[in-house]
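A.B. asks: Here you go, one structure.
Nothing in this text is a laboratory measurement; each read-out follows from the coordinates by a stated rule. Keep in mind it's a predicted model, so treat the numbers as computed, not measured. Cβ placement follows ideal geometry from the backbone for every residue including glycine, while neighbour counts extend to all protein chains displayed.
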Amino acid sequence: MKNEQPPMNDEVQQTFMRKAQLIEQQKLNKARMIRMRNRLSGAIMATVVGSIYFYTIMTVKQEKFLDEIDEPPTNDNSI
């Protein structure tokens, strides 16, 4: 005499399947939210880094002190 379990009826199986599907759907929704937050954070960080890079490049282009160093001095004796 083995410990045989009676076969499950369709209603019990469907109940378990619905519970499993619900749990899986909840996990999927949680993963979607995390993925969306990660993408948003990445976009914000990329924007900040790009802005800092662009600002730095524009600031360096506007600096004139290196141009003044390279110019030879002029002698103005016209007084």
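A.B. asks: Between residue 27 and residue 40, what is 0.36 nm times their sequence separation minus the Cα-Cα distance? Round to one decimal in nm.
C.D. replies: Gain on stretching residue 27 to residue 40: 2.7 nm.
A.B. asks: For residue 29, what is the net charge nearby, where nearby means another residue's Cβ is under 14 Å from its Cβ and Lys, Arg count +1, Asp, Glu -1?
C.D. replies: Neighbourhood net charge equals +4.
A.B. asks: Report the far tail of the P(r) of segment 13-64, meaning the percent of Cα-Cα pairs longer than 18 Å.
C.D. replies: So the pairs more than 18 Å apart make up 62 percent of the total in segment 13-64.
A.B. asks: In addition: Can you give me the distance in nm between label points at residue 74 and residue 18, each placed 7 Å from the Cα along the Cα-to-Cβ direction?
C.D. replies: Modelled inter-label distance: 9.1 nm.
A.B. asks: Between beta-carbons, use under 12 Å as the cut-off and find the net charge around residue 17, counting Lys and Arg +1, Asp and Glu -1.
C.D. replies: -1
A.B. asks: For labels at residue 10 and residue 57 in the simple 7 Å Cα→Cβ model, what's the distance in nm?
C.D. replies: 6.6
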